[in-house]
Amino acid sequence: MRLVRQKKRSQKPLQPLLPKVHIKIQDGRFEVLGMNVWYSYWRDPYHLLLTIPWPGFLGLIALFYLTTNALFALAYLAGGDCIANARPGSFLDAFFFSVQTLASIGYGAMFPKTTYANIIVTIEAMMGLVGIAVLTGLAFARFSRPTARVIFSRVAVIAPHNGVPTLMFRAANKRRNQILEAQLRVYLMRDEVTTEGQFIRRFHELNLLRNQTPSFTLSWTAMHPIDELSPLYGMTPESLVATKTSIVVSLSGIDETVAQLLHARQTYAAHEILWNNQFVDIFYHTSDGHRYIDYNYFHDVVPL
């Protein structure tokens, strides 16, 4: 019998598709670290240009515009003396000729005089049309994107309400319009260990005494009674910190001005939940019987 010895194939460890992503939890808030290793904003330029602040947006547009004209200027210089009335070998003349071509200005002082230059002009003119269309779409998308100017109280409090300990926080609409069909969703997020000994980060939805309103105009105090059915029942300030508990608030509604759906969110860490405190009243009466709201005390609390 002839024995054939087969060589063992070297088993190389499979490379992970994505590098490790580290999650840091501080004060009950998530912070994802290492995301830029496998994901970059540059891989999603549309999202980048919609989300960066206006100075960054204008800066990127200016950088792209200058770079494009500089590249085309180099292309013109590579063709030799191909631009009429331009100084031979002048980068500035080629650059400003590119600016005139890209923007379809065409003063007539400089013009292409060779076939090579006309080909570059044709390519640049097509890029100029596409660039104007893309820039117009991006600017419109940024201006038309609905944004909520909703503020939340800096802290949440736990105080008795109708004899029941109640978690409370405030929200206010900073615009002089109404948020129609406004809804509040409140979640408790904390570390838990299952009966099998597995660690999980679990979400619990908190029921509110009133989680929606037909018109959110001024101020809204959200209340969650801490009864036997509440995930907060039996917890203490120390246990909130030990389990890295945080309260996540999500508000949504329709902006009556633009008739579009908008969102706002807030997170309260364990140390931002004050026990046995109550909010300072912000509703006042005038001498002629009218009411007004003083937002100077919107974030203020007093101990019970």
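Odds and ends about this structure:
- Those residues of the range 73-100 which are open to solvent by 20 Å² or more (accessible area, probe 1.4 Å) and in a helix (DSSP H, G or I), in sequence order: L74, A75, L77, A78, F91, L92, D93, F95, F96, V99, Q100
- Residue satisfying condition, being open to solvent by less than 30 Å² (accessible area, probe 1.4 Å) and modelled with pLDDT under 90, within set L33, L48: L48
- Any hit, the range 131-138, residues being open to solvent by 60 Å² or more (accessible area, probe 1.4 Å), in a helix (DSSP H, G or I), out of contact with any His (no Cβ under 8 Å at 6 or more places or on another chain) and in contact (Cβ under 8 Å) with a residue 24 or more places away in the chain: yes
- In this structure, F169 does satisfy being assigned to a strand (DSSP E or B), of a type outside the set (D, E), open to solvent by less than 80 Å² (accessible area, probe 1.4 Å) and closer than 20 Å to S230 by Cα.
- Among the residues here, A269 does not qualify as farther than 27 Å from P303 by Cα, assigned by the TED database to the domain that holds Y295 and under 25 Å from the mean Cα position of the chain (by Cα).
The values are calculated or read from the model by the stated rules, or taken from the named source; none is laboratory data. Everything quoted here is computed from the prediction, not taken from an experiment. Positions of Cβ are backbone-derived with ideal geometry, glycine not excepted, and every protein chain shown enters the neighbour counts. Side chains included, ligands, DNA and RNA excluded: accessible areas come from the protein's heavy atoms. Shrake-Rupley method; radii C 1.70, N 1.55, O 1.52, S 1.80 Å.
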